[in-house]
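Reviewing the structure listed below.
All of the numbers you see were taken from the coordinates with simple rules; none came from a lab. Note that the structure is a prediction, hence the values are computed from the model and not measured. No Cβ is skipped: glycine too gets one built from the backbone with ideal geometry, and neighbour counts run over all protein chains shown.
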Amino acid sequence: MAHLTGKDRADYVQDMFGRIAGRYNLMNRLMTFGQDMRWRRFVVQQADLPPGGKLLDLATGTGDIAFEAVRAVPGLQAVGADFSLPMMRVGQQTPMGKRVGWAGADALNLPFPDNTFDAVTSGYLARNVIDIPRMLAEQLRVLKPGGRVVVLDSSPPPANLLRPFIEIHLRYVIPTLGRLVAGKNGADAYQYLPSSTQAFKTPDELAALMRDAGLRNVQYKTFMFGTMAVHWGEK
């Protein structure tokens, strides 16, 4: 699970998201008390997409960020890319599904030409890849000069008075919800997701990796008592 590395981790994550695809959106609403929709709107705002522009949304899952962008930006061409085909099939079957292009893709080896997109967004990708610098390098490669990379991901609970309560939510509440909502197929997934959050980079560490990759004007904003963060930077 969260201790896996290399190809074993990538294979596990791909299989896991395939198994929980049908209940993924419902679990997101429950785990975040509905706040995840607000975070996705903020991601689209920070992408600063021009009318008629092109967006690549990585780890698109069921397409929530891509859908929000299409609603917000007139004439936008949005591509949702993921290596979990079952997740994308769920998104394709929604009312917005035909307004987004879909692509099976590995975030470490993107099948797109250089300088193609006005923005590259991602939701819960960074903590699941095996090579964050490579992930960022690929996003910069397909991004147009002046475009933005925007990253939504979870963060380890900060050291404050709320940390014990947040850890109870991560260690016990989310796995219990996972068993109830996603059944046996989702039990291990909703143990992995909280543990990967606790093992992930702090917001400052992820910002430093983005700067090291060559992004300029890197900033971030945290949500949900510091356990979620949106980072953005420019090529």
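Which order, highest average first, do 50-59, 89-98, 147-156, 206-215 follow once you tally other Cβ atoms within 10 Å for each residue and take the mean per peptide?
Working: 50-59: 21.4, 89-98: 14.8, 147-156: 24.0, 206-215: 17.8.
Put in order of decreasing packing, that is 147-156, 50-59, 206-215, 89-98.
Take Gln92 and Phe225, extend 7 Å from each Cα along the Cα→Cβ direction, and tell me the distance between the two endpoints in nm.
Taking the two extended label points, one gets 4.0 nm.
Can you work out the FRET efficiency for the pair Met37 and Asp212, with r the C-beta to C-beta distance and R0 = 35 Å, to the nearest 0.05? It would help to have the intermediate numbers written out before the result.
Values: r = 31 Å, r/R0 = 0.90.
Efficiency at R0 = 35 Å is approximately 0.65.
Apply the Karplus curve 6.51 cos²θ - 1.76 cosθ + 1.60, θ = phi - 60°, to the phi angles in segment 120-134 and return the couplings in whole Hz, x for Gly and Pro.
10, 10, 7, x, 6, 8, 4, 6, 9, 7, 8, 8, 5, x, 5
Under 5 Å between amide H atoms, partner at least 5 residues away or on a different chain: which partners does Thr116 have, H built in plane at 1.01 Å?
Leu143, Lys144
Please compare each pair in Lys144/Lys221; Lys98/Lys235; Lys98/Lys201 to a cut-off of 27 Å on the Cα-Cα distance and tell me which ones are over it. Walk me through the numbers before you get to the answer.
Numbers: Lys144/Lys221 24 Å; Lys98/Lys235 30 Å; Lys98/Lys201 35 Å.
Check vs 27 Å cut-off fails for Lys98/Lys235; Lys98/Lys201.
Mind listing the long-range amide H neighbours of Trp102? Cut-off is under 5 Å, sequence gap 5 or more, other chains count too, H placed in the peptide plane at 1.01 Å from N.
Those qualifying (amide H under 5 Å, at least 5 residues apart or on another chain) are Gly80.
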